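First up is the structure itself, then whatever we jot down about it.
The values are calculated or read from the model by the stated rules, or taken from the named source; none is laboratory data. Note that the coordinates shown come from a computational prediction; the quantities given were computed from them, not determined experimentally. Positions of Cβ are generated from backbone atoms using ideal geometry, with glycine treated the same way; all protein chains shown enter the neighbour counts. Protein only, heavy atoms only, side chains kept; ligands, DNA and RNA dropped before computing areas. Shrake-Rupley method; radii C 1.70, N 1.55, O 1.52, S 1.80 Å.
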Amino acid sequence: MTQSTDVVVIGGGQAGLAAGYHLRRLGIEFVILDSQASPGGAWQHTWDSLHLFSPTAHSSLPGRLMPVQPGKVHPDAQHVVSYLADYEKRYELPVQRGTWVDSVHRDGPGLRVETDSESWNARAVISATGTWTRPFLPAVPGRRDYAGRQLHTVQYRNPADFAGRRVIVVGGGNSGAQIAADLAGTADLTWVTRRPPRYLPDEIDGSALFDAATARRQALDAGRTDTGGVASLGDIVAVPPVRAARDAGLLTATPMFSRLTEYGVAWADGTSARADAIIWCTGFRPDLAHFGSLRLRGTRGHIAAIGTRSVDEPRLHLLGYGDWTGPASATLIGVGRPAREAAREIAELLRA
């Protein structure tokens with residue numbers, strides 16, 4: 001069966017909902033196709049102790065402030081899931097759940113979206129699938145030889161599974177620092193980073209990061225010197241658990257090892273360490289496989305874009321994948337502005 005609408009939004013997490021909000025305000029007909037069985041996007045699959053970087057006042061989608069979570073300055077992931085579910089219901093966003101998008105094709109004046117159950121003809125498509133389903137694992141020698149347990153950030157839940165075990169956490173970003181802090185004192189922890197950890201000043205939170213990302217984009221758009229954005233400030237937000245573990249001397253970083261062995265890891269200087277588990281906190285890649293037939297992808301899997309609009313396919317907009325699709329667009333506070341811009345550009349396209 002084939003259905004038709006003005007816009008198909010692929011992905012019903014925070015970016016897809018923000019897009020839906022602005023499309024609804026402009027009176028554009030749309031549907032949101034989401035593979036998840038329930039609301040909340042990737043937030044419903046995070047580790048148990050994860051909290052936002054920012055207070056609720058700086059963690060909202062357009063049109064609806066996130067309510068304060070009683071007893072917490074920085075809300076936890078479950079609070080975010082509840083907020084997203086309420087947001088979807090409040091604005092009566094047409095989310096079709098349990099729908100997997102297989103591919104997108106050019107089809108005359110529009111685009112055809114093929115799912116696991118039906119097809120959709122649309123005049124424009126917004127892709128808001130994020131990165132959580134595309135964990136990145138580096139090509140480290142010996143990874144297939146290692147006999148212990150290997151998992152990525154997406155598979156980690158809590159330290160109880162690793163009590164008393166020798167665990168190596170790999171990664172010097174926020175997820176690596178937070179998971180290492182979560183395990184400190186429970187597991188026999190080794191934290192491995194490619195360079196010494198760079199903590200942002202303790203007073204920095206998500207709102208300041210959004211401001212830094214926005215200032216960088218404005219400078220680049222105006223042809224001024226690159227400010228460096230968030231990367232110029234550091235790699236790790238010192239959220240309270242990370243700060244506590246750091247100040248207690250429990251987060252001592254070790255340089256990156258050169259290879260894995262059957263029972264652990266080895267460094268270039270000949271030293272080695274045994275490990276029962278290795279947790280790879282090594283980032284993600286954009287989930288854009290559904291655009292394979294359009295042949296748009298370039299460096300690091302990105303699709304060249306001006307703002308959110310694809311350079312080579314102007315009927316396609318990309319939302320929420322990081323700074324290359326809008327300053328801080330992968331955050332709750334940051335996705336609203338590029339979602340609004342995408343909706344406005346699509347409105348102009350539909351009027352043409």
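Quick look at the values:
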quantity: Selected residue (only one of 112, 123, 144 is within 30 Å of residue 192 (Cα to Cα) and of a type outside the set (Val, Ile, Thr)); calculated: 144
quantity: Which numbered condition residue 105 fails, given (1) more than 22 Å from the chain's Cα centre (by Cα); (2) part of a loop (DSSP other than H, G, I, E, B); (3) at pLDDT 95 or above; calculated: (2)
quantity: Residues located in the range 231-245, provided they are under 14 Å from residue 169 (Cβ atoms) and touching a Pro at 6+ places or on another chain (Cβ under 9 Å); calculated: 236
quantity: Where residue 142 falls short, out of the listed (1) more than 26 Å from residue 343 (Cβ to Cβ); (2) touching a helix residue (DSSP H, G or I) at 6+ places or on another chain (Cβ under 9 Å); calculated: (2)
quantity: Close pairs (9 angstrom Cβ cut-off, 6 or more residues apart or separate chains): under 15 Å from residue 111 (Cβ atoms) in the range 22-34, of a type in the set (Phe, Trp, Tyr) and open to solvent by 10 Å² or more (accessible area, probe 1.4 Å) anywhere; calculated: 31/120; 33/100; 33/120
quantity: Inter-residue pairs, beta-carbon under 6 Å, first aromatic (Phe, Trp, Tyr) and in the range 35-54, second crowded, with 22+ Cβ neighbours inside 10 Å, 6+ apart; calculated: 43/80; 47/156; 53/237
quantity: Lone qualifier among 34, 86, 6 - being open to solvent by 30 Å² or more (accessible area, probe 1.4 Å), farther than 30 Å from residue 241 by Cβ and touching a strand residue (DSSP E or B) at 6+ places or on another chain (Cβ under 9 Å); calculated: 6
quantity: The range 161-194, residues that are β-branched (Val, Ile, Thr) and touching a Phe, Trp or Tyr at 6+ places or on another chain (Cβ under 9 Å); calculated: 168, 169, 170, 179, 186, 192
